[in-house]
1. Determine which member of the set I56, I70, I61 is in a loop (DSSP other than H, G, I, E, B), out of contact with any His (no Cβ under 8 Å at 6 or more places or on another chain) and either at pLDDT 95 or above or open to solvent by 100 Å² or more (accessible area, probe 1.4 Å) (or both).
2. Does any residue in region 92-105 that is open to solvent by 60 Å² or more (accessible area, probe 1.4 Å) come within less than 9 Å, Cβ to Cβ, of a residue that is in a helix (DSSP H, G or I) six or more places away or on a different chain, and which pairs are these?
3. Considering only residues that are among the aromatic types (F, W, Y), surrounded by 16 or more Cβ atoms within 10 Å (Cβ to Cβ) and at pLDDT 95 or above, which ones fall in region 22-51?
4. Look through region 106-128, keep the residues that are modelled with pLDDT under 85 and among the hydrophobic types (A, V, I, L, M, F, W, C), and return whichever of them is least open to solvent (accessible area, probe 1.4 Å).
5. Within region 22-33, is even one residue touching a residue at least 12 places away in the same chain (Cβ under 8 Å), small (G, A, S) and under 27 Å from M88 (Cα atoms)?
Amino acid sequence: MEPKWESGGEIVWRPSRGQAEGSRLYAFMRKHGSATFDELMRRSTDDIEWFWNAVIDDLDIRFRTPYTQIVDLSRGEPWAEWCVGGRMNIVDNCLDKWMGTAAEQRVAVRWEGEEGDIEGVGRTLTYG
């Protein structure tokens with residue numbers, strides 16, 4: 001089932017079909033059988049547990065202690081508690097998970113000066 005790119009309301013910029021089909025969103029929609037963005041939106045609000053578990057899996061967000069519940073709304077939406085019981089370390093997710101992969105030598109952080117200068121020692125850092 002191929003997703004369709006339709007949306008309501010005024011749109012300032014619209015990607016080309018090629019750009020849209022090359023996006024992570026398109027891949028996510030295809031993986032989960034959503035034919036339209038509106039269908040994905042409906043499913044994401046009708047079944048927030050499915051949606052956020054799928055997003056966490058898709059983004060490969062890692063927890064040192066797995067969560068027991070995706071969201072606890074027992075005190076009301078303004079006081080939602082997400083990933084209940086889960087514990088994570090941001091370094092695991094931003095840096096460590098890339099060790100031993102092709103991404104290890106890719107630039108993770110690039111400092112750029114006011115004049116666009118990026119040459120010199122210490123101005124780029126890899127994931128490694």
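1. Unique residue meeting the criteria: I61.
2. From residues that are open to solvent by 60 Å² or more (accessible area, probe 1.4 Å), the pairs are W98/E104.
3. Selection gives Y26, F28, F51.
4. The selected residue is I118.
5. no
The values are calculated or read from the model by the stated rules, or taken from the named source; none is laboratory data. Quick caveat: nothing in here was measured; it's all calculated off a predicted structure. Using ideal geometry, Cβ is built from the backbone for each residue, glycine included, and neighbour counts are taken over all protein chains shown. Surface areas here come from the heavy atoms of the whole protein model, side chains and all, with no ligands, DNA or RNA. Shrake-Rupley method; radii C 1.70, N 1.55, O 1.52, S 1.80 Å.
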